[in-house]
Amino acid sequence: MPEGLRSPTVFTPKTVSEAITNKLKNQDARFWAGGTYIMSRPNFYPNPNQRDIISLSGIQDLSRIYHADRYLEAGAMVTIQQLMTMGSFIFSKELYNAISTIGSSVIRNQATLGGSLCTSDRRFTMSCVLATLNAQAEIRMVSKAATARWVPVSKLYDRKGNFLFADSALLTKIRIPTDSSSQMQFISRTLDSPMLNPSEAVILGLQYSVSQGGVTSPSLCITLPNSCFYMSQDFDNLLSTLTFPITQDKIQKVSRRLASDLHLSVRQNTNKLQIERAVRLLEVILTEINTNYLAG
Ligand SMILES: Cc1cc2nc3c(=O)[nH]c(=O)nc-3n(C[C@H](O)[C@H](O)[C@H](O)COP(=O)(O)OP(=O)(O)OC[C@H]3O[C@@H](n4cnc5c(N)ncnc54)[C@H](O)[C@@H]3O)c2cc1C
């Protein structure tokens with residue numbers, strides 16, 4: 001080990017309560033899930049200020065996964081690969097494909113659901129996909145009472161994509177709606193690698209249904225990994241005014257509004273081209289939805 005470095009202390013809690021107690025007593029220690037993101041940071045090693053580690057791998061409760069009537073419930077330590085294996089029987093093809101774009105099989109075997117939702121300043125695929133699907137997250141606050149709350153995934157972040165509970169909560173479970181009787185359609189597209197090219201990548205998720213010749217109950221999420229997590233009830237309301245056939249004029253109107261919203265939402269120094277890509281991506285998707293509708 002290079003001179004001046006010390007080994008971090010590693011806590012190995014067996015229960016969620018123990019993990020919370022470890023964190024309360026060692027505020028600077030960090031939760032460690034698969035470690036793929038933590039170890040990929042440029043200053044991870046060597047670093048004289050290594051933070052202590054609270055390993056979540058020994059907490060069995062966090063590795064449970066099961067399918068109930070209307071949702072799939074997965075613990076925070078379920079890996080992306082385990083989610084895909086279970087989901088292959090349950091998820092739509094589009095959802096399954098969206099998750100399978102994450103990293104490589106080595107990364108998917110190591111990276112966890114909790115880790116992919118809780119990175120403090122970058123938003124990855126799972127945040128966008130699960131927020132679009134209106135998935136819920138159970139979090140346990142780092143406090144003596146360790147109160148548990150269910151929060152929509154969309155409310156875990158601010159508009160710039162910061163995780164609002166970094167160091168103040170442990171994410172324990174996720175519930176993903178899987179109601180097969182619902183007529184909702186889901187679309188997800190990712191341009192570029194959110195990890196390797198975060199200042200150009202764009203992730204888009206859209207859930208909607210079609211009824212009486214129009215788009216109904218739309219839920220759109222656009223993520224620029226290192227600068228923006230965009231969901232807006234107002235914008236969803238605008239999408240729900242779209243009726244078929246969707247004309248180019250209407251698409252242009254929606255695009256202009258999205259561009260203006262994104263310019264107001266992103267972090268400073270955001271690549272303007274990235275915003276342009278997001279807007280074009282939505283245009284392409286609306287055109288596709290229109291074509292599919294007209295084709296019956
Ligand atoms: C080479 C490479 C390629 C990648 N490609 C993609 C890609 O194409 N698409 C994509 O979406 N992502 C990609 N990723 C990112 C990947 O999704 C994340 O690295 C991963 O999901 C993080 O999960 P983890 O379990 O390893 O988390 P960790 O690295 O262990 O933790 C990440 C953060 O979350 C916190 N944390 C972890 N679990 C919890 C919890 N339960 N409660 C509260 N806080 C917690 C940790 O303290 C840490 O701050 C890639 C990563 C790598 C290394």
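The values are calculated or read from the model by the stated rules, or taken from the named source; none is laboratory data. Bear in mind that the values here come from a model prediction, so they are computed numbers and not experimental data. Positions of Cβ are generated from backbone atoms using ideal geometry, with glycine treated the same way; all protein chains shown enter the neighbour counts.
What the table below lists for this structure:
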| item | result |
| --- | --- |
| Residue in segment 208-228 that is within 23 Å of GLN274 (Cβ to Cβ) and free of Cβ contacts under 8 Å to residues at least 40 places away in the same chain present | yes |
| Residue within segment 74-96 that is more than 8 Å from the ligand (Cβ to nearest atom), in a helix (DSSP H, G or I) and touching a Lys or Arg at 6+ places or on another chain (Cβ under 8 Å) present | yes |
| When residues of segment 112-126 are limited to those that are more than 6 Å from the ligand (Cβ to nearest atom) and of a type outside the set (A, V, I, L, M), the one nearest to the chain's Cα centre (by Cα) | ARG123 |
| Residue match in segment 8-16 (condition: outside the structural domain of PHE124 (by TED's automatic domain parsing), farther than 26 Å from VAL106 by Cβ, surrounded by fewer than 17 Cβ atoms within 10 Å (Cβ to Cβ) and within 14 Å of the ligand (Cβ to nearest atom)) | yes |
| Total residues in segment 158-183, condition within 12 Å of the ligand (Cβ to nearest atom), part of a strand (DSSP E or B) and not aliphatic (A, V, I, L, M) | 3 |
| Segment 59-73, residues that are touching a helix residue (DSSP H, G or I) at 6+ places or on another chain (Cβ under 9 Å) and within 16 Å of the ligand (Cβ to nearest atom) | ILE59, ASP61, LEU62, SER63, ILE65 |
| Index of the failed condition, SER120 passing every other in (1) in a loop (DSSP other than H, G, I, E, B); (2) within 18 Å of ARG64 (Cβ to Cβ) | (2) |
| Set LEU62, LEU24: member being in a helix (DSSP H, G or I) and surrounded by 18 or more Cβ atoms within 10 Å (Cβ to Cβ) | LEU62 |
